[in-house]
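Student: A single structure is presented below for examination.
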Amino acid sequence: AKRKAFIDEFIPVFQSYYSYISQDREQVSLSYESHAAKGNLLEQLKEVRQRDRILGYSTRGIHKDDLIMQLGSQGQNKTYLIALKLAQFEFLKRTGSRTTPIVLLDDIFDKLDASRVEQIVKLVAGDSFGQIFVTDTNRDHLDKILRKIEGDYKLFEVDGGVVSERCNEEEEI
């Protein structure tokens, strides 16, 4: 019941992040499937006990609960994953964490179009996210997005193992 209550609260948060990133251009769904919802769990365990002994592991129970993720296309996978991670971030903050979790967005331009990346950067650049680390191999895209959102940020470049802070596209501190 607690897992179902959590998922019932989690899904709208996930959906809001996904909708924001995709700019409401597509729909995805997330649902929760549990053996406990399929009847008496003890009876289910008894029903499969012999087979489970042969297999050497249990095939029923809450450890087999699943989140069912439905996508319209393969291209939605990364957006889906990012929306899940941002929703997890929000829940970590809500559950009384003493510090704001750090967000790491590693190589976010890979498999995402520029408009989605811009939406993600706008979203995490807000006050509710705290410290964010973004890594990417294509600096031009990130520079364009950062200029658009006009938020506080620092750029660092790693070249040959040497880390240097960048003031803007051309200058190095």
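Student: Do the conditions hold for T135, that is, is it open to solvent by 90 Å² or more (accessible area, probe 1.4 Å) and farther than 18 Å from S16 by Cβ?
Tutor: no
Student: Filter the range 94-112 for residues that are closer than 23 Å to K154 by Cβ and either of a type outside the set (V, I, T) or part of a loop (DSSP other than H, G, I, E, B) (or both) and give the result.
Tutor: Correct list: T99, T100, P101, I102, L104, L105, D106, D107, I108, F109, D110, L112.
Student: Can you find even one residue in the range 12-25 that is modelled with pLDDT under 90 and either in a strand (DSSP E or B) or surrounded by 11 or more Cβ atoms within 10 Å (Cβ to Cβ) (or both)?
Tutor: Within the range 12-25, not a single residue is modelled with pLDDT under 90 and either in a strand (DSSP E or B) or surrounded by 11 or more Cβ atoms within 10 Å (Cβ to Cβ) (or both).
Student: Scan the range 27-46 for residues that are surrounded by 13 or more Cβ atoms within 10 Å (Cβ to Cβ) and over 30 Å from I82 (Cα atoms) and report the count.
Tutor: 3
Student: Take T100 and decide whether it is touching a Gly at 6+ places or on another chain (Cβ under 7 Å) and closer than 22 Å to F14 by Cβ. Please lay out each step first, then the result.
Tutor: Numbers: touching a Gly at 6+ places or on another chain (Cβ under 7 Å): yes; closer than 22 Å to F14 by Cβ: yes.
The answer is yes for T100.
Student: Something else: Is it the case that Q88 is open to solvent by 80 Å² or more (accessible area, probe 1.4 Å) and touching a residue at least 40 places away in the same chain (Cβ under 8 Å)?
Tutor: no
Student: Let me ask something else. Are any residues in the range 47-85 farther than 30 Å from I120 by Cβ, open to solvent by 70 Å² or more (accessible area, probe 1.4 Å) and not aliphatic (A, V, I, L, M), and if so, which ones?
Tutor: Across the range 47-85, the qualifying residues are E47, R49, Q50, R51, R53, Y57, H63, K64.
Student: Just give me the residues in the range 113-169 being among the aliphatic types (A, V, I, L, M) and in a loop (DSSP other than H, G, I, E, B), in sequence order.
Tutor: Start the filter on the range 113-169 by keeping residues that are among the aliphatic types (A, V, I, L, M), which leaves 114, 117, 120-121, 123-125, 132, 134, 142, 145-146, 149, 155, 158, 162-163.
If the condition is that a residue be among the aliphatic types (A, V, I, L, M) and in a loop (DSSP other than H, G, I, E, B), then A125 is the only one that fits.
Student: Does I132 satisfy being closer than 25 Å to I7 by Cβ, in contact with a helix residue (DSSP H, G or I) (Cβ under 7 Å, 6 or more places away or on another chain) and at pLDDT 80 or above?
Tutor: No; evaluated as a whole, the condition is false for this residue.
Student: Another question about this same structure. Kindly list, by first and then second residue, each pair from a residue in the range 94-106 that is closer than 11 Å to I132 by Cβ to a residue that is in a loop (DSSP other than H, G, I, E, B) and open to solvent by 100 Å² or more (accessible area, probe 1.4 Å), limited to pairs with Cβ atoms under 8 Å and residues at least 6 apart or on different chains.
Tutor: T100/Q131; I102/Q131; V103/Q131
Student: If I filter the range 39-55 for residues that are under 27 Å from the mean Cα position of the chain (by Cα) and not in a helix (DSSP H, G or I), do I get at least one hit?
Tutor: No; the residues of the range 39-55 include none that is under 27 Å from the mean Cα position of the chain (by Cα) and not in a helix (DSSP H, G or I).
Student: Any residue that is surrounded by 15 or more Cβ atoms within 10 Å (Cβ to Cβ) and in contact with a helix residue (DSSP H, G or I) (Cβ under 8 Å, 6 or more places away or on another chain) - is there at least one of those in the range 151-166? It would help to see each step written out before you state the result.
Tutor: Of all residues in the range 151-166, those surrounded by 15 or more Cβ atoms within 10 Å (Cβ to Cβ) come to 155, 166.
Next, from what is left, pick out any that are in contact with a helix residue (DSSP H, G or I) (Cβ under 8 Å, 6 or more places away or on another chain): 155.
Yes, there is a match, as at least one residue in the range 151-166 is surrounded by 15 or more Cβ atoms within 10 Å (Cβ to Cβ) and in contact with a helix residue (DSSP H, G or I) (Cβ under 8 Å, 6 or more places away or on another chain).
The values are calculated or read from the model by the stated rules, or taken from the named source; none is laboratory data. Please read all numbers here as calculations on a predicted model, not as lab measurements. Note that each Cβ is placed from the backbone with ideal geometry, even for glycine, and that neighbours are counted across all protein chains shown. Side chains included, ligands, DNA and RNA excluded: accessible areas come from the protein's heavy atoms. Shrake-Rupley method; radii C 1.70, N 1.55, O 1.52, S 1.80 Å.
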